[in-house]
1. Whole Å is fine, so just give me how far the alpha carbon centre of the range 252-268 lies from that of the range 338-372.
2. Okay, helix-only estimate at 222 nm for the chain: each DSSP H run of n ≥ 4 adds -39500 (n - 2.57), divide by all residues, round to 500 deg cm²/dmol; what do you get?
3. Relative contact order for the range 220-343: what percent, with Cα pairs under 8 Å and sequence separation of 6 or more?
4. Note the angle between two axes, namely the Cα long axis of helix 234-247 and the longest principal axis of the Cα atoms of the chain, as a number of degrees from 0 to 90, rounded to the nearest 10.
5. So in the chain, what percent of DSSP beta bridges are antiparallel if you round to the nearest 5?
6. Compare 100, 224, 250 in a GNM of the chain, Cα atoms joined below 10 Å, and give the one with the largest fluctuation.
7. Angle, helix 207-229 long axis vs. longest principal axis of the chain, Cα atoms, 0 to 90°, nearest 10?
8. Out of all DSSP beta bridges with both ends in the range 11-175, state the antiparallel percent to the nearest 5.
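What follows draws every value from the coordinates through simple rules; no lab data is involved. In this text the structure is predicted, and so the values were computed from the model without any measurement. Backbone-built Cβ (ideal geometry, glycine too); neighbour counts: all protein chains shown.
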């Protein structure tokens, strides 16, 4: 196992009724900017609970943060927060709303062009933020990362700072009951791929991390289809919500090599063709595993045996079966696994490669050896 440092300061309040704790967690006298996406929080009762818990606080509400949070929208939120002198941010939603709120928190403390914070300028200060999670997927509720879409530049711009960990996160599985099937499937795939990218690399003498990852993957495989079949099964939704948080709160990746190439290629597909984030992951990951089977051989065999219980046949047959099982699982979750299913063909590949080069994503993977030629082969396999 490699050396590592780990610290996660986010306090988690998990379970039914925990929204009521908001008033005790936010510092008295705070002027709160509440951010959210559409109107679902009014229909599913979440806003009523939040409003009751925030009685006595000065509250300014900003709606309309997109599924891929857009820079221009977030700048408007920053302007509103400045006008209202907000000094605390409460995000209500999934990863997109939380990611966008992290950017707002940093931009409120930056005197220059907010775009700087997405293009290399270090974040030195941020307004404190917290969240009420309503979509389990990205793990943004307990990590310091975010991604913002800049439409004019056709870019998804990642950013990160230890200052952007939410102070606390409320995870009530009941808030996810009203999600449509598409978002349920996307959330499960997102958490699954987060786990894979910290696990399916090469052996690093880290058996605990391996077993931790395998437990998350097996739980997602078991519980994901149940959530589609019965969206209001509290136990199932609780397990999925906790899996998604655990998949990217930093602990899983401690001491092990990681491969985020699937995410980097996926970001370009989302920016160019407006696919859901998880849809791009479901397309890229199986193709990447097939292309990188030699470099990942030992872990692919371990994955086949421990996660999918594939023990018969020769090694190559077991690897093929594991990749096919992964694709099959994504399909069962209602998420397509090829570019053609999204109406895209080989003509998109040069555009994606050009974007990867533009963003200096030319040495990806755990070995930093996924160059543009390898990325091209991955995309060809994904057709």
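1. When both Cα centres are located, 15 Å separates them.
2. Working: 14 runs with 172 residues, N = 383.
Counting only the DSSP helices, I get -14000 deg cm²/dmol.
3. Details: 88 pairs, mean separation 28.2, N = 124.
For the range 220-343, the relative contact order is 23 percent.
4. Rounded to the nearest ten degrees, it is 80.
5. Antiparallel bridges: around 25 percent, rounded to the nearest 5.
6. Evaluated over the chain, the most mobile residue of the options is 250.
7. Taking the Cα atoms of the chain, the angle to 207-229 is about 70 degrees.
8. Working: 6 of 28 bridges.
Looking only at bridges with both residues in the range 11-175, the antiparallel portion is about 20 percent.
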